[in-house]
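The values are calculated or read from the model by the stated rules, or taken from the named source; none is laboratory data. The shown structure was predicted, so the numbers you read here are calculated from the model rather than taken from an experiment. With ideal geometry, Cβ positions are generated from the backbone for all residues, glycine too; neighbour counts draw on all protein chains shown.
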Amino acid sequence: MTLGIKIEYYPKMSDKLINKSLNLVNDNKDKWDAPFFIDTTSYINMEEIGETTRSFLDDRIKNIIVLGTGGSIQTLLSLKHLSKKTIYPITSSRAMELNRCLKETTKENSVVIPISRGGETLDVNSTIGTFQKQDYKFLGLSTQGTLNAILKNIGFPILDVPDLSGRFAGSISNVGIVPAYIAGINTEEFLKGLKQGYDQFMTFMKNPAMEMASFIYNLYRKGYKIIFSMPYSENLEGSVGLFIQEISESTGKDKKGFMGSFQSAPISQHSVLEYLLGGTRGVVIPVLWTVEKEINDQTLESSIDYIKGHSAQTIVNYQADATFQALIEQGVPSSKITIDTPDERGIGVLISFIQSAIYYTCLMLDVNWANNPKVIIGKEICNEALKNKTPPEEREKNRKKKADEIFKSFF
């Protein structure tokens, strides 16, 4: 198991096919920005982080409330299970999450960390005032825009967010490292695992990340467009969420790319497996994600002989392997990614694997791995409607008018 990570996939590819994919990567890599995310030191100043966060590190701070979405929070969600404090990810102004957070936290035992690179993220700016009104303490991660102005007015400390592609920057910048550090997560071990992973995966030669990229790319050429992930540990779901964001947002442009999705496993075996085994073929690539040694695993008690004495994760892993074999027996191309343990170093290696594989896949598809030009469309529509106080019935009318124009004679 290389660096504590293993990839198993079927059908296996020939060296000739992998080399063709590798040639594409090397032919296209100079078309786009260099992969900044392999630099695990330049964008982080741990001395500054330690100094700025000192007042939030004592035992009185029990809760970390993070206002952020997408790339601003996904790396932290990958590490959330390792936190020594309670993390409340507030990704939007949905009332359930806000009410629960406000009910379970106080201004004395919490710090609010709003995160936004451009400072204009509605999901962040719409919630910050709620905590400000109740005198919560803030530590801002922002460099410009409305959010930065609000934070300066409040008077709490602010740390910079680099002007980099957010989904790739979280692990090597203040965005992911600052809240993780305050949460008591061993960021040093995480960054060590991240670097060790990139040292092996970002070689532009045959390696596990390159093989994973080649596998899904060559299936794409056969018509596969959806990657369905099945994480067999809750501690992997944050990392799988990062994979889904990156595969969808990075490859999905120029009318190309993959759609990522997931459901927790083994529950996914009881909901979507029938489709994967017996439904439409040539569309979905199942990816199973497992751990060898689960954190806080426990021995099961059972009157069933073949269950008694096994650990909980062992039973889950038997199910994962059986599902994987069932997919293979039914002729469904699929893969399984296994890490040794989801500790800080293991998650660092896993994220380096994910980001390397996504980067290589984008180069094979010949698309810009770093940008996301279409995301702004919905944001502009939303902001305009809010500023104009457009009522629901008029918003529906606008949609209908556009649809009638665009989908004329569609069916």
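Give the stretch 14-28 a look and list any residue that's in contact with a Phe, Trp or Tyr (Cβ under 7 Å, 6 or more places away or on another chain) and surrounded by fewer than 16 Cβ atoms within 10 Å (Cβ to Cβ), or say none.
Passing the criteria: only ASN26.
Condition (residue is in contact with a strand residue (DSSP E or B) (Cβ under 9 Å, 6 or more places away or on another chain), among the hydrophobic types (A, V, I, L, M, F, W, C) and closer than 30 Å to PHE36 by Cβ) applied to the stretch 379-402: is it met by at least one residue?
No; the residues of the stretch 379-402 include none that is in contact with a strand residue (DSSP E or B) (Cβ under 9 Å, 6 or more places away or on another chain), among the hydrophobic types (A, V, I, L, M, F, W, C) and closer than 30 Å to PHE36 by Cβ.
Can you confirm whether ALA326 is of a type in the set (A, V, I, L, M, F, W, C), assigned to a helix (DSSP H, G or I) and loosely packed, with under 14 Cβ neighbours inside 10 Å?
Against the criterion (of a type in the set (A, V, I, L, M, F, W, C), assigned to a helix (DSSP H, G or I) and loosely packed, with under 14 Cβ neighbours inside 10 Å), ALA326 does not qualify.
Just need a number here: residues in the stretch 352-378 that are more than 30 Å from PRO342 (Cβ to Cβ) and either surrounded by 13 or more Cβ atoms within 10 Å (Cβ to Cβ) or without any contact (Cβ under 8 Å) to a residue 40 or more places away in the chain (or both).
Count: 7.
Here are the criteria: (1) of a type outside the set (Lys, Arg); (2) without any contact (Cβ under 8 Å) to a residue 40 or more places away in the chain; (3) within 27 Å of ILE5 (Cα to Cα). Tell me which single one VAL284 does not satisfy.
Against the list (1) of a type outside the set (Lys, Arg); (2) without any contact (Cβ under 8 Å) to a residue 40 or more places away in the chain; (3) within 27 Å of ILE5 (Cα to Cα), VAL284 comes up short only on (2).
For the stretch 321-339, does any single residue satisfy the condition of being out of contact with any strand residue (DSSP E or B) (no Cβ under 7 Å at 6 or more places or on another chain) and within 30 Å of PHE36 (Cα to Cα)?
No, the stretch 321-339 has no match at all.
In this structure, is THR91 among the β-branched types (Val, Ile, Thr), closer than 27 Å to ILE295 by Cα and crowded, with 18+ Cβ neighbours inside 10 Å?
yes
Please find, among GLU294, GLU249, GLU274, GLU237, the residue that is acidic (Asp, Glu), more than 26 Å from GLY70 (Cα to Cα) and assigned to a helix (DSSP H, G or I).
That would be GLU274, the only listed residue that is acidic (Asp, Glu), more than 26 Å from GLY70 (Cα to Cα) and assigned to a helix (DSSP H, G or I).
Assess whether ALA320 counts as being surrounded by fewer than 21 Cβ atoms within 10 Å (Cβ to Cβ), part of a helix (DSSP H, G or I) and assigned by TED's automatic domain parsing to the domain that holds ASN23.
no
Farther than 29 Å from PHE215 by Cβ and touching a residue at least 12 places away in the same chain (Cβ under 8 Å): is that true of SER21 in this structure?
The answer is no for SER21.
What about GLY346, is it at positive phi, out of contact with any Phe, Trp or Tyr (no Cβ under 9 Å at 6 or more places or on another chain) and either assigned by TED's automatic domain parsing to the domain that holds PHE243 or assigned to a helix (DSSP H, G or I) (or both)?
Judged against the criteria, GLY346 is not a match.
Filter the stretch 208-234 for residues that are out of contact with any strand residue (DSSP E or B) (no Cβ under 7 Å at 6 or more places or on another chain) and buried (at least 19 other Cβ atoms within 10 Å of the Cβ); which is nearest to SER356 (Cα to Cα)?
Top of the filtered list is ALA209.
Counting only residues that are modelled with pLDDT under 95 and outside any helix (DSSP H, G or I), which one in the stretch 162-204 is nearest to ARG54 (Cα to Cα)?
PRO162
Any residue in the stretch 94-119 that is touching a residue at least 12 places away in the same chain (Cβ under 8 Å) and under 27 Å from SER165 (Cβ atoms) sitting within a Cβ distance under 6 Å of a residue that is buried (at least 18 other Cβ atoms within 10 Å of the Cβ) and among the charged types (D, E, K, R)? List the pairs, counting only those 6 or more apart or interchain.
Final answer for the pair search is VAL111/LYS137.
Report, by residue number, each residue of the stretch 287-325 that is free of Cβ contacts under 8 Å to residues at least 12 places away in the same chain, of a type outside the set (S, T, N, Q) and more than 30 Å from LYS222 (Cα to Cα).
Correct list: GLU301, ILE304, ASP305, TYR306, ILE307, LYS308, GLY309, HIS310, TYR318.
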